[in-house]
Amino acid sequence: MRLAFVLALLGVMSGTATMAAGITPQEYRQRRAELRKSLDGVMILFGAEEPDDLHTSFFQESNFLYLSGWREPGAVMLLTQQTEILFMPYRDLRMELYTGRKLGPDDPDAPKLSGFDRVMPKSALESAFLKVLETAPRVYLIPGDLRGQKLKSLAVFHDEADAAQAIARLRMVKSSAEIELIAKSTDATVAAHLAGWKKTRPGVWEYEIAATMTNVYFERGCERNAYAPIVGSGPNSVILHYAANHRRLDSGETVVADVGAECSDYATDVTRTVPAGGKFTPRQRELYDIVLGAQKAAIAAIRPGVRLRADGASLHQIAYDYINSHGHDLHGQPLGKYFVHGLGHYVGLEVHDPGDPAAPLKTGTVITIEPGIYIPEENIGIRIEDIVVVTETGCKVLSAALPREIGDIEKLVGK
Ligand code: GLY
């Protein structure tokens with residue numbers, strides 16, 4: 001039996017939340033060990049607190065989750081080259097009436113269940129911090145975290161360094177377990193898009209399509225949307241992050257559906273553009289084929305060493321050049337100016353995972369490739385987005401099972 005499973009089982013039995021599914025405790029340990037090797041100081045990471053409103057569920061802060069898999073609120077992590085300590089709050093029995101049992105730092109199983117050899121009460125954080133300061137020249141914090149700033153005020157003569165940037169260097173390259181989880185979210189999302197296509201026809205509301213799609217992955221146990229679902233028809237198809245989803249589809253329009261699941265903590269991001277009435281108009285076909293051509297050109301160029309977006313050669317430039325050298329707007333002008341966003345971004349625990357778009361891609365990097373053309377004057381928006389993992393020789397398209405050729409799409413929409 002895998003250790004992660006045993007730990008999860010122990011957690012269920014004791015009523016506590018434990019490690020994230022799919023990533024082993026050994027992998028979390030390795031991530032911390034790798035990070036600690038490069039630390040010339042002390043890193044303090046604050047986990048997410050229990051939300052105090054009824055709208056929000058508890059989700060762990062993504063850097064904290066990446067390094068620990070710990071899913072309980074209020075924890076703090078202290079890392080140096082020599083040591084790692086998880087600080088936990090004492091149990092709050094009143095709060096547990098509402099949110100369930102938690103693990104306290106005095107529980108003898110806390111080290112085994114958390115994967116940290118040293119677990120201490122959160123009340124000991126300040127004194128432990130002051131002690132390591134004696135040998136730590138700088139303090140790594142997540143920028144903007146006020147809890148970190150408060151602690152840093154005890155160390156005014158120490159330099160501050162960016163913890164998020166240091167962790168991002170690791171997060172940019174995914175392990176095989178992470179890639180499997182992203183693939184799982186992507187499979188659920190592909191099924192969601194196919195269900196959405198069935199539902200798509202003139203007269204249907206955008207929110208009905210969004211509901212059909214998200215239901216598919218929620219029924220599979222995915223815990224949340226990776227981002228607010230975008231289903232934009234006609235005039236809404238040109239709004240990049242349109243998420244109101246409150247318009248009725250008309251025939252003759254394009255519908256941009258940018259919807260993705262987060263399952264077992266890992267996000268995906270997939271977009272397709274389909275004709276509301278099941279058939280693209282000749283103008284929509286022309287524009288669709290240009291976006292698809294740009295996407296294919298960029299995907300064909302992916303390999304380790306190329307850059308997503310940078311001065312000079314980049315995948316973005318390849319897609320832009322393709323769009324700008326094919327077709328015209330109603331005024332005879334090239335179409336490059338209608339490709340108004342970046343070609344892609346890193347994906348992982350977050351849909352916009354940290355990572356430098358100008359850095360050379362590495363094997364194991366997961367990114368989206370999503371060119372688009374948005375022409376308000378014509379009420380036509382078209383975006384085609386796939387998620388890919390960079391391999392030693394090129395890339396693998398994780399969302400390849402979702403058709404993107406016009407003929408295949410027209411066979412499925414509304415049927
Ligand atoms: N799919 C939404 C975004 O990448 O911004």
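Every number in this text was worked out from the coordinates using simple rules, so none of it is lab data. Small disclaimer: the values here were computed from a predicted structure and weren't measured. Every residue, glycine as well, gets a Cβ built from its backbone with ideal geometry; the counts of neighbours run over all protein chains shown.
Only helical DSSP H runs with n ≥ 4 go in: add -39500 (n - 2.57) per run for the chain, normalise by residue count and round the 222 nm mean residue ellipticity to 500 deg cm²/dmol. Mind showing how you got there, number by number?
Working: 13 runs with 143 residues, N = 415.
Estimated from H runs of four or more residues: -10500 deg cm²/dmol.
Can you give the FRET efficiency for Ala401 and Arg138, using 1/(1 + (r/R0)^6), R0 = 56 Å, r = Cβ-Cβ distance, to the nearest 0.05?
It comes out at approximately 0.75.
Mind listing the phi-derived Karplus ³J(HN,Hα) values for the stretch 71-83, rounded to whole Hz, using 6.51, -1.76 and 1.60 with θ = phi - 60°, and x for any glycine or proline?
So the J values, rounded to whole Hz, are 10, 10, x, x, 7, 9, 10, 10, 10, 9, 4, 8, 8.
Report, in debye and to the nearest 20, how large the dipole of the chain comes out about its Cα centre when Lys and Arg carry +1 and Asp and Glu carry -1 on their Cβ.
Details: 45 positive and 52 negative charges, 129 e Å.
The dipole of the chain has a size of about 620 debye.
Search the structure for amide H atoms under 5 Å from the amide H of Glu350, placed 1.01 Å from N in the peptide plane, and list their residues when 5 or more places away or on another chain.
Those qualifying (amide H under 5 Å, at least 5 residues apart or on another chain) are Ala267.
What does the extension gain come out to for Leu330 and Arg101, with contour length at 0.36 nm per residue minus their alpha carbon separation? Before the final figure, lay out the partial values.
Details: separation 229, 0.36 × 229 = 82.44 nm, distance 6.25 nm.
Result: 76.2 nm gained on full extension.
How are the C-alpha pair distances of the stretch 318-415 spread across 10 Å bins, as whole percents from the shortest bin up?
Going out from 0 Å in 10 Å bins, the stretch 318-415 shows 13, 36, 35, 15, 1 percent.
What residues have an amide H closer than 5 Å to that of Arg224, excluding those fewer than 5 places away on the same chain, when H is modeled at 1.01 Å from N in the peptide plane?
Glu262
Name every cysteine in the chain that ends up alone, with no second cysteine's Cβ under 4.7 Å, or say none.
Cys395, each lacking another Cys Cβ under 4.7 Å.
Per residue of the stretch 287-297, in order, report the coupling 6.51 cos²θ - 1.76 cosθ + 1.60 (Karplus, θ = phi - 60°) as ³J(HN,Hα) in whole Hz, putting x for Gly and Pro.
These are the phi-based 3J(HN,Hα) values: 5, 4, 5, 5, 5, 5, x, 5, 5, 5, 5 Hz.
Along the stretch 258-264, what does the Karplus equation 6.51 cos²θ - 1.76 cosθ + 1.60 (θ = phi - 60°) give for ³J(HN,Hα), rounded to whole Hz, x for Gly and Pro?
10, 9, x, 9, 10, 10, 6
Å³ per residue of the Cα convex hull, for the stretch 74-230? Don't skip to the end; give the middle numbers.
Working: hull volume 29.6 nm³, N = 157.
Convex hull of Cα atoms, per residue: 188 Å³.
Please list, in chain and number order, the residues 5+ apart from Arg247 or on another chain whose amide H is under 5 Å from its amide H, with Hs placed from the backbone.
When sequence neighbours closer than 5 places are left aside, the close amide H contacts are Glu206, Tyr207.
Just name one of Leu349, Ile384, Leu398: the one whose Cα is farthest towards the positive end of the charge dipole of the stretch 326-415 (beta-carbon charges, Lys/Arg +1, Asp/Glu -1).
Leu398
What value in Å³ per residue do you get for the convex hull of the alpha-carbon atoms in the chain? Display every interim value, and only then the final one.
Working: hull volume 66.2 nm³, N = 415.
About 160 Å³ per residue, rounded to a whole number.
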